[in-house]
Amino acid sequence: MYDPVRYETNKSAAARDAEQFVPMLVNHMTWKKNELILDYGCGAGSTGNKFVLPEVEKFDSKIHSVDISPDMIAHAKKTYPSPRVTFNVGDILQDNFPHKEVKFDKIFAVYVLHFVRNYREALKRCYDLLQPGGYFGFTVLSKSTLYVLHEKLGTSEKWSKYMKGYENYIPEWFEQKEDSEVAFRRNLTQLGYEIVELKPYRQEYDFESVNTVAELYLSLNPYVKVIPKELLNDVKQEYTDFLRKHWNVPEGTDALCTNYELLYGVVRKPLQ
Ligand SMILES: C[S@@+](CC[C@H](N)C(=O)[O-])C[C@H]1O[C@@H](n2cnc3c(N)ncnc32)[C@H](O)[C@@H]1O
């Protein structure tokens, strides 16, 4: 997310999940002609392009893709230009969100909400941005060693000075040791959404090497731009050492079998 090329090169597990779950999100929604879709946290643009755009073309509709990261938007704009898609920098919770006055028929947030500390506020904002009857589909990385590592480095003597506010990059449910499905169900219901489907999936993924995961985690560490360049190899080494130990990678081997939890959700703003 903070390094689009590094993320796109090493996101094989997320790409596999997108292939598995985004078509499910699309199929869980009813589509009509001339709709307006928000791809919230579109990242480097590949998910929206591969799995949402074909349906949008079929229904003569349009996508507004928005991401908080200028690097991601620059990459997406260059790689996936389409007359049906606009790309803009913005944070759904801030004034720089470019479509404040627009009402959307559908919102997608694929692997985004775990990066939004105040995810409840984001759920509320999406509710406000939806037309009555509009759908909101999301996948969330609900349990991951990524959070364990952010927490470990953010509280360590060596790295805490560079990672001030690291808690903002750890989901609230993880920090409070709350089950994500329970937390989401409560918040979504309180906000007025109808739940079409909300289900956790235990995912496994065999990475070809520990290095791939270390690279992936580096691309997702918001502090790589603050940590002095000459120390970046040390961060990567910390990741590598932790991952080998945590996932019991035997000496002399490099393949890494991981598991994590994904929360899948399709919800709807009631027709009024
Ligand atoms: C893991 S990437 C997923 C990208 C894309 N949805 C995909 O499936 O490839 C998460 C993205 O969410 C973006 N993001 C995080 N917080 C955001 C916010 N508050 N508003 C908009 N985008 C945000 C990040 O910049 C990042 O590009």
**OP:** Inspect the stretch 98-117 for any residue being in contact with a His (Cβ under 6 Å, 6 or more places away or on another chain), more than 24 Å from HIS246 (Cβ to Cβ) and not acidic (Asp, Glu) and give the result as yes or no.
**Re:** yes
Original post:
Has the stretch 137-144 got any residue that is within 13 Å of the ligand (Cβ to nearest atom), out of contact with any Gly (no Cβ under 7 Å at 6 or more places or on another chain) and assigned to a loop (DSSP other than H, G, I, E, B)?
Top reply: yes
Original post:
Is it the case that GLU172 is touching a residue at least 40 places away in the same chain (Cβ under 8 Å) and surrounded by fewer than 16 Cβ atoms within 10 Å (Cβ to Cβ)?
Top reply: no
Original post:
Is it true that some residue in the stretch 73-82 is more than 17 Å from LEU36 (Cβ to Cβ), away from the ligand (no atom under 15 Å from the Cβ) and not in a helix (DSSP H, G or I)?
Top reply: yes
**OP:** Quickly run through the stretch 29-42 and pick out the residues that are in contact (Cβ under 8 Å) with a residue 60 or more places away in the chain, assigned to a loop (DSSP other than H, G, I, E, B) and within 10 Å of the ligand (Cβ to nearest atom).
**Re:** GLY41
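Conditions (1) under 30 Å from ARG268 (Cα atoms); (2) touching a strand residue (DSSP E or B) at 6+ places or on another chain (Cβ under 7 Å); (3) surrounded by fewer than 17 Cβ atoms within 10 Å (Cβ to Cβ), marked per residue:
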{"site": "LEU198", "(1), (2), (3)": "yes, yes, no"}
{"site": "GLU215", "(1), (2), (3)": "no, no, no"}
{"site": "LEU218", "(1), (2), (3)": "no, no, no"}
{"site": "ILE227", "(1), (2), (3)": "no, no, no"}
{"site": "ASP241", "(1), (2), (3)": "no, no, yes"}
{"site": "ARG244", "(1), (2), (3)": "no, no, no"}
{"site": "TRP247", "(1), (2), (3)": "no, yes, yes"}
{"site": "THR253", "(1), (2), (3)": "no, no, yes"}
Subject >> All positions within the stretch 78-124 that are surrounded by fewer than 21 Cβ atoms within 10 Å (Cβ to Cβ), touching a residue at least 12 places away in the same chain (Cβ under 8 Å) and of a type in the set (Lys, Arg) >> reply: ARG84, LYS103, ARG117, ARG120, LYS124
**OP:** Would you mention how many residues in the stretch 43-60 are more than 12 Å from the ligand (Cβ to nearest atom) and either touching a helix residue (DSSP H, G or I) at 6+ places or on another chain (Cβ under 8 Å) or open to solvent by 20 Å² or more (accessible area, probe 1.4 Å) (or both)?
**Re:** 6
Subject >> Hits in the stretch 179-218 (condition: without any contact (Cβ under 8 Å) to a residue 12 or more places away in the chain and of a type in the set (S, T, N, Q)) >> reply: THR189, GLN190
**OP:** Among residues belonging to the stretch 43-72 that are without any contact (Cβ under 8 Å) to a residue 60 or more places away in the chain, part of a helix (DSSP H, G or I) and among the β-branched types (Val, Ile, Thr), point out the one that is farthest from LYS225 (Cα to Cα).
**Re:** VAL56
**OP:** Check HIS150 against each of (1) open to solvent by less than 50 Å² (accessible area, probe 1.4 Å); (2) farther than 18 Å from ALA14 by Cβ; (3) under 19 Å from the mean Cα position of the chain (by Cα) and name the one condition it does not meet.
**Re:** (2)
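The values are calculated or read from the model by the stated rules, or taken from the named source; none is laboratory data. Note that the structure is a prediction, hence the values are computed from the model and not measured. Ideal geometry is used to build each Cβ from the backbone, glycine not excepted, and the neighbour counts take in all protein chains shown. Note: areas computed on protein heavy atoms with side chains; ligands, DNA, RNA excluded. Shrake-Rupley method; radii C 1.70, N 1.55, O 1.52, S 1.80 Å.
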